[in-house]
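I have placed the structure first, in the form of structure tokens, so that the comments after it can refer back to it.
The values are calculated or read from the model by the stated rules, or taken from the named source; none is laboratory data. Everything numeric in this text was worked out from a predicted model, so none of it was measured. Note that we place each Cβ from the backbone using ideal geometry, even for glycine, and neighbour counts take in every protein chain shown.
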Amino acid sequence: MPGGGISINVTLIFSLSRYDAVMDAFLDGMERAQNASHDLSSIGSVASFFVSRVDTEVDSRLDKIGTAAAAELRGRAAIANARLAYQRYEQMLASPRWARLQAAGARPQRPLWASTSTKDPAYPDTRYVVDLVAPGVVNTMPEATLRAVADHGEVPADSVRGHYDDAQQVLDRLRTLDIDYDDVVQTLEDDGVAKFDASWDQLGEQLAATLRAQPTRQKRT
């Protein structure tokens, strides 16, 4: 944690409220690190905001509604959600609390776009990269997406700022169709945590099996 001078990646973020809490925790940790006389410039952090899975969940709910209005919103929730997250990041950077830490040498906790591969083949294979370009952002891509961007991606200077109003309108329109944003992101978070837990347990079992298979070393006399 930043308070201990340790650089961290806070992962599995889907909701705007969770991201707000992550940024607040980061600032709190950096303030504690400052009080503990750590070198703030040596501490790095990213906040991993998951993107395409939001469309997967929302699109499935829109398909069940089956109206033209629902169809028009397919594939728009994830990018809107991420853009509004970046708006919150900018608000954090403009806060007096951050200004004090920056003056002491702190580096910002950078937003990191995770889950940027396209799950629906009907969508462009570069959309979660080229539509989310903004200063200071990290984008993690699987190899297929990276190659697609290198091959035919048209990367703008900025495709996030200037779209905040449109992004909010997308979430507002989803609400009029009874798509519960809070339920969507909680469902995704719960599912993500369960998968991470299962992977961690599997890793532990593999390590334990490997250790059991190792020959016992004889003590030297």
**OP:** Tell me which residues, restricted to the range 100-112, are touching a helix residue (DSSP H, G or I) at 6+ places or on another chain (Cβ under 8 Å) and buried (at least 18 other Cβ atoms within 10 Å of the Cβ).
**Re:** L101, A106, P108, Q109, P111
Original post:
Among all residue pairs at least 6 apart or on different chains, which show Cβ distances below 9 Å where the first residue, located in the range 63-77, is in contact (Cβ under 8 Å) with a residue 24 or more places away in the chain and part of a loop (DSSP other than H, G, I, E, B) and the second is crowded, with 16+ Cβ neighbours inside 10 Å and basic (K, R)?
Top reply: L73/R173; G75/R127; R76/R173
Original post:
Restricting the range 3-32 to residues that are assigned to a helix (DSSP H, G or I) and modelled with pLDDT under 95, which is surrounded by the most Cβ atoms within 10 Å (Cβ to Cβ)?
Top reply: G3
**OP:** Among the helices (runs of 4 or more DSSP H) lying completely within the range 140-221, list those that include at least 2 residues that are closer than 19 Å to V51 by Cα, touching a Phe, Trp or Tyr at 6+ places or on another chain (Cβ under 9 Å) and not charged (D, E, K, R).
**Re:** 164-176, 181-213
**OP:** Would you be able to say whether some residue in the range 170-192 is of a type in the set (G, A, S) and either under 15 Å from L84 (Cβ atoms) or free of Cβ contacts under 8 Å to residues at least 24 places away in the same chain (or both)?
**Re:** no
**OP:** Go over the candidates V160, V155 one by one and state the one that is in contact (Cβ under 8 Å) with a residue 40 or more places away in the chain and over 13 Å from A77 (Cα atoms).
**Re:** V160
Original post:
Among the residues of the range 51-70 satisfying the criterion of being in contact with a helix residue (DSSP H, G or I) (Cβ under 7 Å, 6 or more places away or on another chain) and not acidic (D, E), which is surrounded by the most Cβ atoms within 10 Å (Cβ to Cβ)?
Top reply: V58
**OP:** May I ask you to verify whether R97 is farther than 18 Å from V54 by Cα and either free of Cβ contacts under 8 Å to residues at least 40 places away in the same chain or surrounded by fewer than 18 Cβ atoms within 10 Å (Cβ to Cβ) (or both)?
**Re:** yes
Original post:
If you go through the range 126-135, how many residues are closer than 18 Å to F50 by Cβ and in a loop (DSSP other than H, G, I, E, B)?
Top reply: 5
Original post:
When you look at G136, is it modelled with pLDDT of 95 or more, on the phi > 0 side of the Ramachandran plot and of a type outside the set (A, V, I, L, M, F, W, C), yes or no?
Top reply: yes
Original post:
Can you find a residue in the range 186-202 that is closer than 26 Å to D59 by Cα, touching a Leu at 6+ places or on another chain (Cβ under 7 Å), at pLDDT 95 or above and of a type in the set (A, V, I, L, M, F, W, C)?
Top reply: no
Original post:
Mind checking which residues of the range 129-157 are over 18 Å from the mean Cα position of the chain (by Cα), of a type in the set (D, E, K, R) and surrounded by 12 or more Cβ atoms within 10 Å (Cβ to Cβ)?
Top reply: R147
